[in-house]
1. Please tell me if residue A:37 is within 12 Å of chain B (Cβ to nearest Cβ), part of a strand (DSSP E or B) and among the small types (Gly, Ala, Ser).
2. Say we look at the range B:1-25 and pick out the residues that are modelled with pLDDT of 95 or more and at the interface with chain A (Cβ under 7 Å from one of its Cβ atoms); which of these is surrounded by the most Cβ atoms within 10 Å (Cβ to Cβ)?
3. Across the range A:40-54, what is the number of residues that are open to solvent by 30 Å² or more (accessible area, probe 1.4 Å), within 15 Å of residue A:75 (Cβ to Cβ) and more than 10 Å from chain B (Cβ to nearest Cβ)?
4. When the residues of the range A:56-93 are narrowed to those that are facing another protein chain (nearest Cβ under 10 Å) and among the β-branched types (Val, Ile, Thr), which ends up farthest from residue A:33 (Cα to Cα)?
5. When the residues of the range B:77-119 are filtered to those that are under 14 Å from residue B:48 (Cβ atoms) and out of contact with any Phe, Trp or Tyr (no Cβ under 8 Å at 6 or more places or on another chain), which remaining residue is surrounded by the most Cβ atoms within 10 Å (Cβ to Cβ)?
6. Give just the number: which of (1) more than 12 Å from chain A (Cβ to nearest Cβ); (2) part of a strand (DSSP E or B); (3) open to solvent by less than 30 Å² (accessible area, probe 1.4 Å) does residue B:30 not satisfy?
2 protein chains.
Amino acid sequence: MEIIDVKEKLSLFDELWSPKIVGELNGQYVKLAKLKGEFVWHKHEEEDELFMVVKGKLTIRLKEQDVNLSAGQFIIIPSGVEHLPIAEEECHVMLFEPKTVVNTGNVKNEKTVEKLETL
Amino acid sequence: MEIIDVKEKLSLFDELWSPKIVGELNGQYVKLAKLKGEFVWHKHEEEDELFMVVKGKLTIRLKEQDVNLSAGQFIIIPSGVEHLPIAEEECHVMLFEPKTVVNTGNVKNEKTVEKLETL
């Protein structure tokens, strides 16, 4: 049983848009990611996804609105809802989601990360 | 789809040892709780449980060791593992666990909260 220090784990990598696994429970992963720039429109057909901002600001663009999150705030994107994460400046996030989630959801492109590293 | 501000939600209640639901995804709840003093030894037979400290310090006593957590740190207690949360000073935590979890697990006593409030 390991104590996970979120900031310490975030200090271990610099890659953008490459979630790292830092915990596993009940078929879900806890992940950390560093984001900067614009990701890709996608949805997860089966899985809800929680984005919690640890540092910086994150915009999640939805078809009908933009959601603006700051550190200490989270949002849950229900399955099937198309979304586009955008970070004007580098932003650090914690994710809670089923182990089956692939970062780009229904889209496969150069940002797709199939095999995640565990920190 | 609601933006959840963790500190703002924590400002809405003062009760100790009474987790409040602030999110739901994939059969799991995100909860916030304020803890002070010693809880009760218990375990969750089926569910893993994540404790993340938002403010203050939390000790989780296990049979073989004490785990000391500070703000920004989390631990996952696997199902079946007996644990006793202790907060010398008031401590605020975020919990991530299946919807089926009852706070006192296999124990029923005056600290058991059967019906959780959603904030």
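1. Answer is no for this residue.
2. B:23
3. Final tally of qualifying residues: 1.
4. Taking the candidates together, the pick is A:81.
5. Only one residue fits best here, namely B:105.
6. (1)
The values are calculated or read from the model by the stated rules, or taken from the named source; none is laboratory data. Just so we're clear, the structure is a prediction, and the values are computed from it rather than from any experiment. Virtual Cβ from ideal backbone geometry, glycine too; neighbours counted across all protein chains shown. Areas reflect the complete protein model, heavy atoms only, side chains present, ligands, DNA and RNA absent. Shrake-Rupley method; radii C 1.70, N 1.55, O 1.52, S 1.80 Å.
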